[in-house]
Amino acid sequence: MTEQRPVTDTAARPVPTLPDAQTVTAVQHYTDKLFSFRVTRPASLRFRSGEFVMIGLMGDPHPETGKQKPLLRAYSIASPAWDDELEFYSIKVENGPLTSKLQHIQPGDQIILRPKPVGTLVHDALLPGKRLYMFATGTGFAPFASLLREPETYERFEEVIVTHTCRDVAELTYGANLIADLKQDEMMIELLGQEALDKIRYYPTTTREKSDKMGRITTLIENGDLFTDLGVPPLNAQDDRAMVCGSLAFNKDIAALMEAAGLHEGANSEPGEFVIEKAFVG
Ligand code: A2P
């Protein structure tokens, strides 16, 4: 009997035909608005956990010339730097030029990936500290999916507090599953160590659908609930560091709260106490 090779098998991979083509190896849908997918990683691609790249598909042919142009958007790489594939977490926007098409990809399909990683949600842009906060809304969880699987995160911090705020409970699934799996997966336990995984404090909240913890994280910082619930001191520039990823309005509001607590924004060229990146919005 001959064995049927899965489409993800190296030998069965189609020869890339697009410029910078990578092959989709897995796709998972969470809600009608959210999905994640994995693609092959170019052998030469080096990146730091937390960075983003431009990815996309070929656009529709021009009605007169028939020419096609790549349709690219910035996406945080959700997989860690050591992984031999790349993972992405995406919103589906009904009329979004890219995501209305991207949401239909299947294993074996190709996407375009420009191999030039950049970004500020990286350890290099943060000064050493005791406690690392990851503040995410919606698909802003993606860079943290990378950083949570990165050993350096636990080497640098004693505590890693991950907050994720979404409208509904189902929108928390990708992050909730990732953290639950991380704590159970033997390979991850071996790679990161049990002590490292015990540093993770996961704090999911919803703003529309009823759940155990409701409210915008900005409100829960302002009224002190976040700190009381976790039993940690209020934000302070000596011990606390933060990485922020969400909508423009969210980033702006969190930045104001960080600054009010005495934390300064960092960059690759000048590390600081918090860093910010806008989540991909469709
Ligand atoms: P809310 O439901 O109160 O708007 P969105 O889907 O609009 O990107 O929002 C994702 C999550 O982020 C929602 O729970 C939303 O809460 C929350 N959010 C949006 N804007 C802000 C903000 N400026 N500050 C804090 N949370 C925000």
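A few remarks follow.
- Virtual spin-label span in nm between R114 and A180, 7 Å along Cα→Cβ: 3.8 nm
- Highest mean packing comes first when the peptides 112-120, 230-238 are listed by Cβ atoms within 10 Å, giving 112-120, 230-238.
- Considering only P97, P61, P271, the Gaussian network model of the chain with Cα springs below 10 Å gives its largest mean-square fluctuation to P61.
- Tail weight of P(r) past 31 Å, computed on alpha-carbon pairs of the chain, percent: 28 percent
- The chain: angle of helix 173-184 to the longest principal axis, Cα-based, in degrees nearest 10: 80 degrees
- Taking GluC sites (Glu not before Pro) as exposed when their DSSP state is a loop state and no more than 16 other Cβ atoms lie within 10 Å, the longest site-free interval of the chain runs over 210-282.
- For the stretch 123-276, the relative contact order works out to 32 percent when only alpha carbon pairs closer than 8 Å and six or more residues apart are counted.
- Theoretical ellipticity at 222 nm over the chain - DSSP helices of four or more residues, -39500 (n - 2.57) apiece, nearest 500: -5500 deg cm²/dmol
- 0 to 90° range, to nearest 10: angle between helix 248-260 axis and the chain longest Cα axis: 30 degrees
- Close amide H pairs (under 5 Å, H built 1.01 Å from N) link I200 with V160, residues at least 5 positions away or on another chain.
- Convex hull volume per residue for the stretch 10-117, taking Cα atoms only, in Å³: 105 Å³
- Amide hydrogen neighbours beyond the local backbone of E51, cut-off 5 Å, H modeled: I77
- Where chymotrypsin sites (Phe, Trp or Tyr not before Pro) fall in DSSP loop in the stretch 73-116, at most 10 other Cβ within 10 Å: W82
- In order along the stretch 191-197, the phi-based Karplus estimate (6.51 cos²θ - 1.76 cosθ + 1.60, θ = phi - 60°) of 3J(HN,Hα) comes to 5, 8, x, 4, 4, 5, 5 Hz; Gly and Pro are listed as x.
- Sequence-separation-based contact order of the stretch 149-212, relative, with Cα cut under 8 Å and 6+ spacing, percent: 52 percent
- Put simply, the amide H of I105, placed in the peptide plane, has no neighbours under 5 Å, leaving out anything fewer than 5 places away on its chain.
- Taking every DSSP beta bridge that has both ends in the chain, the antiparallel portion is near 50%.
- Gain upon complete extension [H29, K69; 0.36 nm per residue less C-alpha separation]: 11.7 nm
- Along the stretch 134-139 the Karplus relation, 6.51 cos²θ - 1.76 cosθ + 1.60 evaluated at θ = phi - 60°, assigns HN-Hα couplings of 10, 9, 10, 10, x, 6 Hz to successive residues, with x for each Gly and Pro.
- Point-to-point label distance, L127-L45, nm (Cα→Cβ direction, 7 Å offset): 3.4 nm
- Portion, in percent, of the accessible area of the chain that falls on carbon or sulfur, probe 1.4 Å: 51 percent
- Under the criterion of Cα pairs below 8 Å and six or more residues apart, the relative contact order for the chain equals 20 percent.
- Sites matching trypsin sites (Lys or Arg not before Pro) across the stretch 199-255 that sit in DSSP coil, with at most 16 neighbouring C-beta atoms within 10 Å: R208, K210, K213, R216
- Equivalent ellipsoid semi-axes - Cα gyration tensor, the stretch 117-274, angstrom: 21, 21, 15
- Coupling constants for the stretch 75-86 follow from the phi torsions by the Karplus curve (6.51 cos²θ - 1.76 cosθ + 1.60, θ = phi - 60°), and in residue order they are 10, 5, 7, 8, 8, x, 4, 8, 6, 8, 10, 10 Hz; glycine and proline get x.
- On the principal axes of its alpha carbon atoms, the stretch 136-202 extends 33, 22, 16 Å, with the longest extent given first.
The values are calculated or read from the model by the stated rules, or taken from the named source; none is laboratory data. Please read all numbers here as calculations on a predicted model, not as lab measurements. For neighbour counting, all protein chains shown are included, and Cβ atoms are generated from backbone atoms with ideal geometry for every residue, glycine included. Note: accessible area is taken over every heavy atom of the protein model, side chains too, but ligands, DNA and RNA are not part of it. Shrake-Rupley method; radii C 1.70, N 1.55, O 1.52, S 1.80 Å.
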